[in-house]
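Comments concern the structure below.
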Amino acid sequence: MDDSLEKPTAASQPTDPEEHTEDEQSSGEEDQGPDWTKIPYVVARPVIPKRGEKEFEPIAAGGSGLQRHVLDRARSAMLDALAAPRTISNKSISYAVWHPEIARGHVTLNRGIHFATMGHSVARAPSIQDGATKIQKRLELLPEEALYLVERGAMLCWKASELALSETPGLEDVEGVPMTVQQAFAEMVGTEDLTLEKYQVFAYLKRLGYVVTRTKPPSPDYPTPPPYSLRPPSILTRLHSALHSTMRRILQAFYPRIDWWNPLRLGRWLHHNLDSRSVFRSLRFLPAGHHIPLRVQTSPKCAPSQYEIFYNLYKPSTPFKKTAPPAPDFSVVVVNARTTPMPSLTDLAALFDVLPELPPPVPRKRVSFAQQKAMAMAAESPVAPAPDVEQPLLQRLFPWAFASPAKSTPPRNPNPFLALKSGKKMVVIAAVDAGTISFFRFGQGVFTEWPMA
Amino acid sequence: MSLITQKNNRRGGGNKGGARRHQNNTLYAHPLPLVLDQPPPTWSTHILGLFGLAGTRVLNPHCEGVFDPATRSVWVLNAKDLAILWTRGFFGKGDLSRSEPSWRTRQISAKRAAAGHYMTAEEVREKRRAERTQFKRDRAAAMAQAAAEAEAAFAAGCEVQHTTVIPSGATWKPQQPLADAPPPAPAPEEDDDRAFEAEVPALEHLQLTLQEAFFLMWTLDCLTVLDPATSAPMSLRDVWTAFRSVQCAPQIPIPGTLELDLYAGRFDNPFLVHYAAYHYYRSLGWVIKGGIKFCVDLLLYKRGPVFHHAEFAVVVLPVYEDPADQESSPFDLANASPFSWTWLSTVNRVNSQVQKTLILTYVTIPARSRMSPDLLSSPACLTHYSVREVVLRRFIPARMRD
């Protein structure tokens, strides 16, 4: 059975009708497997069989016939599904030419929805025609995008060749040497900073429906989101902070310096509000937090850090415009889990420096079941809501004097635990371990901002 | 429910819900051993308060402990101090108990139970666990029997009939009937109680880690540490030196050579590094307990272990400012080099299975090149360490799509 899988042929296995009539008693024919010519071509698309429950448990008596039968049935169903030919209608297939010298795939014919989120237009000057160089823009794909489409079967990729195929009769449509999927992998992985781990992460996320773009543009034509720039603080804030620091220095001159053998002075007098909260506040005299400058020296002999944001990730629901991408929802770093250890503090600080701060998460609005049903009913029935009771003129003129009829829900305070768990800045690190991808979110902690006392 | 103070509680579980919560709130009302005694609010105190003369008294319990270099801990032997330190801030761990020093109470209730022929909470728990194991064995045997039946039916080629019933938790009954229920015990008399209490000596002590002891001594000034050899109270300076030097291996001076103190002027003393992290979380109001059970260093509780499970599991990662310090370090600090993804995934998985969030706390150790070794003679060197934390969680793309 394995041999027939390794060498797929379009031709079905030939049957010899003469042999059948000669050897009616031989039962060898039935064991050779189903007669391919007789089976009608039922399976058009591969069907992925559902997974069942694993029933194997080691029994003292040895293997069980029932379990082996069930397992074999499931296994053969899976292999049949994999062996089914994958097809695509020739009206929905796209064509591209891969140029190894620029590591881009030039799309000659694009069809389908993939190109709404993939590919960028690049101006390439073709050869002089009609006495002037016409600058034409063409759609180009990065290596991972081209490879993804080829692997999906949505695109046929040719490799640009020197042969003058357009002159040969019958080969005008052919634009290069056709590439198999294996050849595409070999050509495209390794170019333009693409490693197999990065491609795997890209393909996995694309298959789930995300839009994945590169953070560092590989060429000036690649569209990037607006940069998150740390705006220089306005004059007012700078004045305020300068005033604050000078006041603090003046006050420190008056207050006694901290005695390191008795740091907390809980006097009976001259303490405006002595309760447990103020005791805890006065305990926080040691430096803590991410704003403290990091003074870690990196030895010059160690290699540059592997931790750099590589992909920008957009959720499928985010409106994405290829020419003007919005700010990314997530930033992804891809590393090889076998060769790279966990990020160190310097790596994380460098990553957090280029990321924006996230607002504290809003707790979910708890809607009771009765309210949910009412909302669903209101949404279904398109009847116009009853008109408001006509408010007296006086109430409309002086709304502040009268109690408001509809009390709007007060803004909910953010839950401290929710804020502590999500942190202020987030980076996603994908550790690829020989094919298995583990995604981790590293968030900048905000414990100093949410004290428990 | 505190076992120390509940004397006449025969019911194992106690009241859950409002009464128990109220009980816990009154018992564990103070977050620190220092009690702030507010004067009753009257007009005069209010006016004085506006001028900053509040008149709040600070009641200091002045507990006592003995330093034990062999176990690197401070032992609190006095029962009153033990109760104070545990109920106000959850400091320390009873050495004969899981966490709360309740050994004596458990022995007394065990004796009372033996005398009155009823079961203690621990015995009830053991019985329940034994029943559950028996149920699981019965269920496994029934499942194996059903599989054997299906196998036999398959081998014969006929349709399988399910005749064995696999027991479920709700319908299973223990096979052997229990011994007849004992006659109701008479109410324990006062003499019996006093006899029990006289029989059981107070063998348990509270063990404070060096960080907890230093925190109580240095910031709150409510603990006196006695020297184990002389039983004399140690001054804060003595304690500062002793706690740091106990981390070092004893050095044998080599005759004929200059004594090189490997440990002099080292800022990466494990006591200092862990104290920086401990002080940081304590000053934010968290109750800190050990985290060895979950592969981490510390567990953070919002108010205490009796109120709610820990929300956060903290791993302390020291970061050397100067890599040369790390190479020349005699201490070999744990987690000083970034660990592999396998270990990080392991710790993360262990903690997410118990619904705790993993926090990586980085403590930066100042470089020896820019610090003078004299700084180590006083706790002022702690200002040169900085603590920052990073929250680690899994990211599941299939679920984060919306």
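The values are calculated or read from the model by the stated rules, or taken from the named source; none is laboratory data. This is a predicted model, so every value here is computed, not measured. Note that we place each Cβ from the backbone using ideal geometry, even for glycine, and neighbour counts take in every protein chain shown.
Miscellaneous remarks
- Residue count, segment B:298-332 (criterion: buried (at least 20 other Cβ atoms within 10 Å of the Cβ), among the hydrophobic types (A, V, I, L, M, F, W, C) and either within 8 Å of chain A (Cβ to nearest Cβ) or under 22 Å from A:Ala349 (Cβ atoms) (or both)): 6
- Filter result for A:Arg104 (surrounded by 15 or more Cβ atoms within 10 Å (Cβ to Cβ) and without any contact (Cβ under 8 Å) to a residue 24 or more places away in the chain): no
- Here B:Cys381 fulfils each of the conditions (1) in a helix (DSSP H, G or I); (2) surrounded by fewer than 19 Cβ atoms within 10 Å (Cβ to Cβ) apart from (2).
- Those helices (runs of 4 or more DSSP H) of segment A:189-294 in which 1 or more residues are loosely packed, with under 10 Cβ neighbours inside 10 Å, modelled with pLDDT of 80 or more and more than 14 Å from chain B (Cβ to nearest Cβ) occupy A:235-254.
- Some residue of segment B:80-87 being among the acidic types (Asp, Glu) and under 14 Å from B:Cys222 (Cα atoms): yes
- Taking each residue of segment A:211-231 that is closer than 14 Å to A:Ile102 by Cβ and assigned by the TED database to the domain that holds A:Asp353 and looking for partners that are among the small types (Gly, Ala, Ser) and modelled with pLDDT under 95 with beta-carbon atoms closer than 9 Å, six or more apart or interchain, yields A:Pro218/A:Ala103; A:Asp221/A:Ser121; A:Asp221/A:Ala123.
- Scan segment A:322-381 for residues that are among the hydrophobic types (A, V, I, L, M, F, W, C) and either farther than 20 Å from A:Glu308 by Cβ or in contact with a Cys (Cβ under 9 Å, 6 or more places away or on another chain) (or both) and the total you get is 12.
- Residue selection: A:Pro341 satisfies the criterion of being at pLDDT 85 or above, in contact with a Pro (Cβ under 6 Å, 6 or more places away or on another chain) and within 10 Å of chain B (Cβ to nearest Cβ).
- In segment A:158-188, residue surrounded by the fewest Cβ atoms within 10 Å (Cβ to Cβ) [restricted to those that are of a type outside the set (Gly, Ala, Ser), in contact (Cβ under 8 Å) with a residue 12 or more places away in the chain and part of a helix (DSSP H, G or I)]: A:Val181
- Selection over segment A:63-119 of residues that are outside any loop (DSSP other than H, G, I, E, B), touching a helix residue (DSSP H, G or I) at 6+ places or on another chain (Cβ under 9 Å), of a type in the set (Gly, Ala, Ser) and within 30 Å of B:Ala147 (Cα to Cα) gives a count of 1.
- Just one of the listed residues (B:Ala380, B:Ala398) is within 24 Å of A:Ile292 (Cβ to Cβ) and within 7 Å of chain A (Cβ to nearest Cβ), namely B:Ala380.
The rows are residues; the columns are (1) modelled with pLDDT of 95 or more; (2) facing chain B (nearest Cβ under 9 Å).
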site	(1), (2)
A:Arg412	no, no
A:Leu418	no, no
A:Gly423	no, yes
A:Val427	yes, no
A:Val432	yes, no
A:Phe439	yes, yes
A:Phe442	yes, yes
A:Phe447	no, yes
A:Pro451	no, yes
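- Out of B:Ala140, B:Ala110, B:Ala147, B:Ala121, sole residue that is among the aliphatic types (A, V, I, L, M) and surrounded by fewer than 13 Cβ atoms within 10 Å (Cβ to Cβ): B:Ala140
- Residue check for B:Val350: of a type outside the set (Gly, Ala, Ser), closer than 22 Å to A:Leu286 by Cβ and more than 10 Å from chain A (Cβ to nearest Cβ): no
- Residue count for segment A:297-336 satisfying the condition of being surrounded by 13 or more Cβ atoms within 10 Å (Cβ to Cβ), within 7 Å of chain B (Cβ to nearest Cβ) and at pLDDT below 90: 1.
- The residue of segment B:101-141 that is farthest from B:Trp75 (Cα to Cα), among those that are within 14 Å of chain A (Cβ to nearest Cβ) and not basic (Lys, Arg), is B:Ala141.
- Listed conditions (1) within 10 Å of another protein chain (Cβ to nearest Cβ); (2) among the small types (Gly, Ala, Ser); (3) in contact with a Pro (Cβ under 6 Å, 6 or more places away or on another chain); (4) more than 21 Å from A:Phe280 (Cβ to Cβ) are all met by B:Gly285, apart from (4).
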